[in-house]
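Below: one structure, written as C-alpha cells.
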Amino acid sequence: MKTVILLRIASMLSAIFCAGHAYASLAPLRDPGEAAVFMAMQSYRLKLLWAVRTHWDFYRGFSLLFSVTLLLFAVLLWQLSMTAKADPVATRPMVASLLVASLAFTVVSGIYFFFAPAAISAAIAICLALAFTSAKKR
C-alpha cells in the first residue's frame with residue numbers, strides 16, 4: 001500500500017479518536033456514583049505554585065489537552081501524507097517519531113484505560129509502521 005494512503009488512514013483514525021475522546025469527556029454524567037466522585041474532585045482545592053486548582057481542573061484540563069494533541073496528530077499525519085507524495089523517504093524520520101508516540105499511546109491506553117482507545121492507537125501504529133516500511137525511493 002502507498003505511504004500516502006497509509007498516512008491518511010492514520011490521520012483519519014486519529015481524528016476519530018479525537019472526536020470520540022472529546023465527546024466522551026464532555027458527555028453528561030451517567031450515574032450518581034460518578035457524580036459524587038466528580039463533586040469530590042471539584043471541592044478539594046490544591047495550591048500549586050501561584051495557582052489554586054482542584055483535582056477536577058486537572059482532570060478536565062488534561063482531558064481537553066489530550067483531545068488537542070489527538071487533533072494535532074491528525075493534522076500532522078495529513079500534512080505528512082502530502083510530503084510523502086513528492087518524497088516518501090523524507091517522511092521516514094517523522095513517521096518513526098509518530099510511530100513511537102502512537103505505540104506509547106497504545107501501551108498507556110491498554111494499561112490505564114480500556115480497549116477502544118488502545119485498539120485505535122494500535123491501528124494508527126500499524127498504519128505508521130507500514131507507512132515507514134513502504135516509504136522508499138521511486
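The values are calculated or read from the model by the stated rules, or taken from the named source; none is laboratory data. Fair warning: this is a prediction, and the values are worked out from it, not measured in the lab. Cβ atoms come from the backbone with ideal geometry, glycine included; neighbour counts cover every protein chain shown. Note: areas computed on protein heavy atoms with side chains; ligands, DNA, RNA excluded. Shrake-Rupley method; radii C 1.70, N 1.55, O 1.52, S 1.80 Å.
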Among the lysines, which fall within straight-line cross-link reach of K136, defined as a Cα-Cα distance under 21 Å, with same-chain neighbours fewer than 8 residues apart omitted? K2, K85
Quickly estimate the mean residue ellipticity at 222 nm for the chain, helices only: each DSSP H run with n ≥ 4 gives -39500 (n - 2.57), and the total goes over all residues, rounded to 500. -27500 deg cm²/dmol
Can you tell me the 0 to 90 degree angle between the C-alpha axis of helix 3-26 and the longest principal axis of the chain, rounded to 10? 10 degrees
Carbon and sulfur: what percent of the chain's accessible surface (1.4 Å probe)? 74 percent
Based on the Kirkwood radius over alpha-carbon pairs, what value in µm²/s does the Stokes-Einstein equation return for the translational diffusion coefficient of the range 54-128 at 20 °C and 1.002 mPa s? 158 µm²/s
Surrounding net charge for R8, when Lys and Arg each add one and Asp and Glu each subtract one, Cβ distance under 15 Å: +2
Among L29, F58, M12, the residue whose Cα sits farthest towards the positive end of the charge dipole of the range 1-95, when +1 is placed on the Cβ of each Lys and Arg and -1 on the Cβ of each Asp and Glu, is M12
Taking square-rooted eigenvalues a ≥ b ≥ c of the alpha carbon gyration tensor, is the chain rounded, prolate or oblate, where a/c under 1.5 means rounded and, failing that, a/b exceeding b/c means prolate? prolate
For the chain, with a Gaussian network of springs between Cα atoms less than 10 Å apart, report the residue from R92, R60, R30 with the top mean-square fluctuation. R30
Placing +1 at every Lys and Arg Cβ and -1 at every Asp and Glu Cβ, with all other atoms neutral, what dipole size does the range 15-138 have around its Cα centre, in debye to the nearest 20? 420 debye
Quick one: if you stick a label point 7 Å off each Cα along the C-beta vector at A86 and F58, how many nm between them? 4.5 nm
Would you mind getting the accessible area per residue of the chain, heavy atoms of the protein chains only, 1.4 Å probe, in Å²? 64 Å²
